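Nothing in this text is a laboratory measurement; each read-out follows from the coordinates by a stated rule. Just so you know, these numbers come straight off a predicted model, no measurement behind them. Here Cβ is always computed from backbone atoms with ideal geometry, including for glycine, and neighbour counts include all displayed protein chains.
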Amino acid sequence: MRNFAAWKLDLLDRMSVDGRLSPSDFRVAFRLLHYMDAVTGACFPAQQTIIADTGLGERAVRYALTSLCACGWLKIERSGSRKRGRAQNHYCFPGRDYRHADAGKQTSTTGTPAREYRHPIAGASLIEHFEEENTDKTEARKRVAHERGTRIPENFSPDISIALAEGMTTEGARRSALNFVDYWKNRPGAGGRKLDWEATWRIWARKDAADANRKGTDRRQGPAHIAEQALEEARRAHEREQQRGLFQ
């Protein structure tokens, strides 16, 4: 344990006088050494853990790792598959590489021999690794956007025959179609995306037709306006007066 602590102090002392390293680079290296196992040399903290410990942003941590690799202070080995959600970075510092010592042993995470489990990435390869990761994130965002649907096409023209079949008038169907297009073109964010615009229009048309029928029924069955009631009462009073005059 003393040898390990002495090795870490000596490594940090030499890194501290390397003018190529920035304070952020040194902080990231310091936190990585904090997670290194004294016996096995295993060091694989998650990137989010490094970000939380150092208070640096994701981009700053990536730049620091790239700088440490480019200056020869660090090697990064990636294990597992990022597409399957099991990717993991193993960090190795010069003079403390245990890959050969535990090559025949089983790793604690997968049970796979370490020699088969790891493959190195460093220097320019690390930059390629980050570019590959960014590409994967972009593809994932595109996939999510596709699953959420698309915005209404510019040339989309609702089929008013669907509204006519629901009992709407030609004028009402055209008005409903125009309202449909204007509404969804101005709908912001993810709420303006649909997987099937034809189906969305069919639902819209049925709802508009039902609303129109309901409003028409309400007008027929609802109570008359107070002015209409007063006019009707006056008409009936006038008729009664006329009837009295005829029988006197």
Original post:
In what sequence do Thr170, Thr150, Thr66 fall when counting other Cβ within 10 Å, fewest first?
Top reply: Thr170, Thr150, Thr66
Subject >> Net +/- balance of residues flanking Ile51 in space, Cβ distance below 14 Å, scoring K and R +1, D and E -1 >> reply: +2
**OP:** Grab the beta carbon distance between Asp37 and Arg193, set R0 = 51 Å, and tell me the FRET efficiency rounded to 0.05.
**Re:** 0.60
**OP:** At 7 Å along the Cα-to-beta-carbon direction for both Trp7 and Ser161, put a label point, then send me their distance in nm to one decimal.
**Re:** 7.9 nm
**OP:** Would you mind ranking Trp201, Trp7 so that the residue whose beta carbon has the fewest other beta carbons within 10 Å leads the list?
**Re:** Trp7, Trp201
**OP:** List Val39, Val28, Val181, Val61 from most exposed to least, where exposure is judged by having the fewest other Cβ atoms within 10 Å.
**Re:** Val39, Val181, Val61, Val28
